[in-house]
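Structure, as structure tokens:
The values are calculated or read from the model by the stated rules, or taken from the named source; none is laboratory data. All of these numbers come straight from a predicted model, not from anything done at the bench. Ideal geometry is used to build each Cβ from the backbone, glycine not excepted, and the neighbour counts take in all protein chains shown.
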Amino acid sequence: MIRSAYIHIPFCHHICHYCDFNKVFMKGQPVDDYLASLDKEMKMGIEKYPSEKLSTIFVGGGTPTALNASQLEVFCKSINASLPYSKDEVEFTFEANPGDLTSDKLEVLHDHGVNRLSFGVQSFNDDLLERIGRNHRSKDVYTSIDAARKAGFDNISIDLIYALPGQTVEDFKHTLRTALEFDLPHYSGYSLIIEPKTVFYNLMRKGKLSLPPQETEAEMYSILMEEMQAAGINQYEISNFAKKGYESKHNLVYWDNEEYYGFGAGAHGYAEGNRYSNFGPLKKYMEPLADGKLPIIESHEQTKAEKMEEEMFLGLRKTEGVSVARFTEKFGESPMTVFKEAVEEMVKKELLTVENSYIRLTQKGKFLGNEVFQAFLGVI
């Protein structure tokens, strides 16, 4: 039974230099038509893959809060009418851009059961924010978090990015300590990854992008973990930290390799053993829905081997690691048997440890996660 839904809003007022998510400039776009199409898709998706009750809903983008208050009202009513969930029991997250959330938008979200906000802050250095193409400034973060709290939101998360062009260790320390002063229940910290089809990728190809060396990136990650621990905020996943009880239930669905709906242009979903993705361009996304068809461009039925591999490389992102008992119950085989050689090799390299019936990354392994994850691919 599917318990989670991801919904994609592709509109942005501004495109960041590092972003490779499916997004378009909002000006002149058929926003209302898109929301109507999304409404159709949600209803059709639930009909195709029935669910009794969702435990998490996550609205991402793009910039979901780029919608105006009346559009947000229409969108939230659509979610309320289309998806099965209880407002008292669901974790309902909206991604937000600092500076976007006016009091009327916050009121709409709160009134319709949204109970978690995730702000894309990235840095508290205004020069750096400008350099990476963000259109908010540090002061906007203070204003937005204050307004969110006054509107009744207490489950708030902020995203930070490190190893940015020209960023120093001292600068990252300042950003981190400023972020921690908000005393929020959840923080995410990601190293910058240069993706194709982004401004940064084009600059890098021309030799015009100066990034910190790998040693500096590793030092920043180490500082991130140390500062979070010192603040009493537990690392529960490679890049995510939370006070007890405030872990992102939605993201844990991904890392636990559970199924979820993916609604919206370019969204990905996982239902009844099929991983699927939607058309990305708005016109191509909306056309099939106008004809009463789901906008799926690609669907792949996972083999048992693929499911087991994903169980390992997704589950190992969590600090608790992969439960041998849960894996065995799910697949009828123990990961210690299926992946015997890979586990032994990674333990020998001191990147994995096996204790209390869990396979997990060591502290050293957290820095070399990709090497560990690769070891479990294509070995069955």
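Only one entry of GLU298, GLU350, GLU329, GLU341 meets the criterion of being in a loop (DSSP other than H, G, I, E, B) and either surrounded by fewer than 13 Cβ atoms within 10 Å (Cβ to Cβ) or among the aliphatic types (A, V, I, L, M) (or both), and that entry is GLU350. Among the conditions (1) polar (S, T, N, Q); (2) modelled with pLDDT under 95; (3) touching a His at 6+ places or on another chain (Cβ under 7 Å), the only one that THR93 does not satisfy is (2). Can we say SER144 is in the same structural domain as ASP104 (by TED's automatic domain parsing), surrounded by 22 or more Cβ atoms within 10 Å (Cβ to Cβ) and hydroxyl-bearing (Ser, Thr, Tyr)? For SER144, the condition - in the same structural domain as ASP104 (by TED's automatic domain parsing), surrounded by 22 or more Cβ atoms within 10 Å (Cβ to Cβ) and hydroxyl-bearing (Ser, Thr, Tyr) - is met. So for region 60-73 (the condition being part of a strand (DSSP E or B), within 27 Å of ILE156 (Cβ to Cβ) and under 23 Å from the mean Cα position of the chain (by Cα)), does at least one residue qualify? Yes, some residue in region 60-73 is part of a strand (DSSP E or B), within 27 Å of ILE156 (Cβ to Cβ) and under 23 Å from the mean Cα position of the chain (by Cα).
Under the condition of being part of a loop (DSSP other than H, G, I, E, B) and at pLDDT 70 or above, the residues counted in region 1-15 number 5.
Taking the criterion of being out of contact with any Phe, Trp or Tyr (no Cβ under 9 Å at 6 or more places or on another chain) and either of a type in the set (Ser, Thr, Tyr) or surrounded by 17 or more Cβ atoms within 10 Å (Cβ to Cβ) (or both), the residues of region 28-71 that qualify are LYS40, MET44, SER70, GLN71.
One residue alone among LYS87, LYS77 is among the basic types (Lys, Arg) and not in a helix (DSSP H, G or I), and that residue is LYS87. Residues considered: GLY152, GLY113, GLY189, GLY133. Of these, the only one that is under 22 Å from the mean Cα position of the chain (by Cα) and closer than 30 Å to MET42 by Cβ is GLY113. For region 353-379, a tally of residues being out of contact with any strand residue (DSSP E or B) (no Cβ under 7 Å at 6 or more places or on another chain), outside any helix (DSSP H, G or I) and either among the hydrophobic types (A, V, I, L, M, F, W, C) or over 21 Å from TYR236 (Cβ atoms) (or both) returns 7. Of all residue pairs spaced 6 or more apart or on separate chains, those with beta-carbon atoms under 7 Å, a first member in region 304-318 that is more than 14 Å from ALA342 (Cβ to Cβ) and a second member that is part of a helix (DSSP H, G or I) are LYS304/PHE331; LEU314/TYR254; LEU314/TRP255; ARG317/TRP255; LYS318/TRP255. Within region 179-186, identify whether any single residue is under 23 Å from LYS87 (Cβ atoms) and in contact (Cβ under 8 Å) with a residue 60 or more places away in the chain, and answer yes or no. Yes: region 179-186 contains one or more residues that are under 23 Å from LYS87 (Cβ atoms) and in contact (Cβ under 8 Å) with a residue 60 or more places away in the chain.
Matching residues to (1) under 22 Å from SER248 (Cβ atoms); (2) over 20 Å from the mean Cα position of the chain (by Cα); (3) part of a helix (DSSP H, G or I):
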{"residue": "LEU101", "(1), (2), (3)": "yes, no, no"}
{"residue": "LEU109", "(1), (2), (3)": "yes, no, yes"}
{"residue": "SER118", "(1), (2), (3)": "yes, no, no"}
{"residue": "ASP127", "(1), (2), (3)": "no, yes, yes"}
{"residue": "PRO165", "(1), (2), (3)": "no, yes, no"}
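For the condition closer than 30 Å to THR362 by Cα, among the aromatic types (Phe, Trp, Tyr) and either over 19 Å from the mean Cα position of the chain (by Cα) or not assigned by TED's automatic domain parsing to the domain that holds ASN251 (or both), PHE279 does not qualify. Kindly establish whether MET26 is more than 21 Å from the chain's Cα centre (by Cα) and among the hydrophobic types (A, V, I, L, M, F, W, C). It is true that MET26 is more than 21 Å from the chain's Cα centre (by Cα) and among the hydrophobic types (A, V, I, L, M, F, W, C).
Look at ASN135 and say whether it is assigned to a helix (DSSP H, G or I), over 24 Å from SER248 (Cβ atoms) and either of a type in the set (D, E, K, R) or in the same structural domain as CYS12 (by TED's automatic domain parsing) (or both). So ASN135 fails the test. On the given criteria, is GLU247 out of contact with any strand residue (DSSP E or B) (no Cβ under 6 Å at 6 or more places or on another chain), outside any helix (DSSP H, G or I) and under 30 Å from PHE92 (Cα atoms)? Spelling it out, it is not the case that GLU247 is out of contact with any strand residue (DSSP E or B) (no Cβ under 6 Å at 6 or more places or on another chain), outside any helix (DSSP H, G or I) and under 30 Å from PHE92 (Cα atoms).
Residues in region 321-380 that are touching a Leu at 6+ places or on another chain (Cβ under 7 Å) and hydrophobic (A, V, I, L, M, F, W, C): VAL322, VAL343, MET346, LEU351, LEU352, ILE359, LEU361, LEU368, VAL372, PHE373. Looking across region 212-236 at every residue that is part of a helix (DSSP H, G or I) and among the small types (Gly, Ala, Ser), the one that is farthest from ASN370 (Cα to Cα) is identified as ALA230.
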